[in-house]
């Protein structure tokens, strides 16, 4: 094993991403908990313990998942590639060579605006790779840095 | 900016368009007539109306379709009511393919297909009828080098064609065709006799016979389809361009610059693997959206010759003989466990749902799962040889991806917490067509070394 991989990417997502993820999952959680309570109240044979267990699991997951996911997200733009590391249970390290990038898009919606965030999509011939939360100036800067490296539009 | 006058397609395009839509319209009309219980007279009238409408539409389309080149781009405008214009920068054109169907042959024209990266099939620019000279001119203009005498040539002999068709993988297409025919027949008979074909299948024996018939029908269709698609298959290359020609009724000619080939997959299908046979599939951005047939580099090859043939046709993919980096022995149970448990669960569920006496099915399915897992374990492996990365894996078919390292779109290393504890990792590379090669449960250190080596 002569070659060791370079050090892991260092940039975290902005902390607001975590809040945004909470916001995204809280609706589902409320619906699920409501449905469980309604079930146990109205359906005679439905065990109360099961309803409570499911509701508790949903609340726990909704509270914990964004924290865990946030803690494991890292990204970096190196000289020649974009380097992503994410996943809590299954940890995935992805490398996208800059020369393969066709275009970069910054997605901004009313929802992401609430948190002062944007999503950055990096498109290649094989599909897109996404950084799920960046502050706007940060995203613009990253996009410009990627585009500055794109000097071979002809050769995919 | 120098721009040429917008050009029209050859007039044969009217016929090509008209015949295409007429086949659909007339088929629909006749079907409606049958189902509604109309007389042959009404069916004929509907068919005639369909043909007339098709001709009118064909003419209208032809008159509204134009294309032209300027300094930087190819422009294409079409559409009768809502004309839209597509502009493709010349430098982005990946390949220029031609198809010569029976109609095109009658008129001495060809259909030109301009392959653009990221375009789905329907977004490609298709010039349905242009003369051979015009096709040649367009090819030059779009940066395809002049064909030179081929340096390498691989042609499919008739017995190889038959072998390819017999072991062909087009089964899924054929199965759906047969299912369609069954549904149609069922529908028609239902109306005529007031009793569905499928409703008549009561006993297990009848059901088994019907299933067997459908299977044989599918196989025969798949055989014929493969013959039609792959007859006269030739792959050749000169110094710069790879060219593939194939097809019986409609001749397809693909040409792709060698430097734009990302890789090749050696596919050993279920029927082919035991015979030591495989098919070669081309991976490139140009033909990424095509179905498997459209990406065939060679429909059939002896497995042990595959690497040599690839090296001849695409020199950049030549690899030195060498050993694969394979999953360690401790990974074996991870490969076997999941498919056997899945098999057992499916078997138990089926036995409970259908017939408790069918419980041996659970054991049989678990055993099949274990065999699949074992094959996956034995196949999994990666290799680096010069600029080529090789990833071998097996799900049902065994696939060996040979990809040029410098043209990889993405590569990744993944491990679950359990894999981390066991010192294992999954390694995957993604090529321009979106195709991926994944080797699971490699030794962590080896996978990391390969992962690091892929970064320059």
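Here the strands (runs of 3 or more DSSP E) wholly within region A:55-133 that include at least 2 residues being closer than 24 Å to residue A:26 by Cβ and more than 10 Å from every other protein chain (Cβ to nearest Cβ) are A:117-124.
Looking at region B:259-273, is at least one residue buried (at least 16 other Cβ atoms within 10 Å of the Cβ), on the phi > 0 side of the Ramachandran plot and not in a strand (DSSP E or B)? No, region B:259-273 has no match at all.
Just so you know, in region B:436-446 the residues that are out of contact with any helix residue (DSSP H, G or I) (no Cβ under 9 Å at 6 or more places or on another chain) and either surrounded by fewer than 24 Cβ atoms within 10 Å (Cβ to Cβ) or facing chain A (nearest Cβ under 9 Å) (or both) include one that is nearest to residue B:287 (Cα to Cα), and it is B:436.
Among residues belonging to region B:79-111 that are within 14 Å of another protein chain (Cβ to nearest Cβ) and surrounded by fewer than 17 Cβ atoms within 10 Å (Cβ to Cβ), point out the one that is modelled with the lowest pLDDT. So, considering only residues that are within 14 Å of another protein chain (Cβ to nearest Cβ) and surrounded by fewer than 17 Cβ atoms within 10 Å (Cβ to Cβ), the one modelled with the lowest pLDDT is B:91. Among the residues of region B:323-366, those that are in contact with a strand residue (DSSP E or B) (Cβ under 6 Å, 6 or more places away or on another chain) and under 30 Å from residue B:284 (Cβ atoms) comprise B:324, B:325, B:326, B:327.
How about region A:74-106: which of its residues are in contact with a helix residue (DSSP H, G or I) (Cβ under 8 Å, 6 or more places away or on another chain) and within 11 Å of residue A:9 (Cβ to Cβ)? Across region A:74-106, the qualifying residues are A:77, A:81, A:82, A:85, A:86, A:93, A:95.
Does residue B:385 meet the test of being buried (at least 22 other Cβ atoms within 10 Å of the Cβ) and at pLDDT below 95? No, not satisfied. For region B:241-286, the set of residues classified as in contact (Cβ under 8 Å) with a residue 60 or more places away in the chain and within 14 Å of chain A (Cβ to nearest Cβ) consists of B:256, B:257, B:260, B:261, B:262, B:263, B:283, B:284, B:285, B:286, listed by residue number.
In region B:416-429, the qualifying residues are those that are free of Cβ contacts under 8 Å to residues at least 60 places away in the same chain and part of a strand (DSSP E or B), and the one that is farthest from the chain's Cα centre (by Cα) is B:416. The residues of region A:134-151 that are within 14 Å of chain B (Cβ to nearest Cβ) and outside any loop (DSSP other than H, G, I, E, B) amount to a single one, A:149. In the set (1) under 30 Å from residue B:382 (Cα atoms); (2) not in a strand (DSSP E or B), residue B:220 fails one condition alone, (1). Screening the candidates B:452, B:432 for the property of being at the interface with chain A (Cβ under 7 Å from one of its Cβ atoms), in contact with a strand residue (DSSP E or B) (Cβ under 9 Å, 6 or more places away or on another chain) and not in a strand (DSSP E or B) yields one hit, B:432. Against the criterion of being under 30 Å from residue B:102 (Cβ atoms) and modelled with pLDDT under 90, residue B:282 does not qualify.
Among the conditions (1) touching a residue at least 12 places away in the same chain (Cβ under 8 Å); (2) exposed (fewer than 15 other Cβ atoms within 10 Å of the Cβ); (3) over 32 Å from the mean Cα position of the chain (by Cα), the only one that residue B:341 does not satisfy is (3).
The values are calculated or read from the model by the stated rules, or taken from the named source; none is laboratory data. Bear in mind that the values here come from a model prediction, so they are computed numbers and not experimental data. Heads up, the Cβs are rebuilt from the backbone with ideal geometry, glycines too, and the neighbour counts pull from every protein chain shown.
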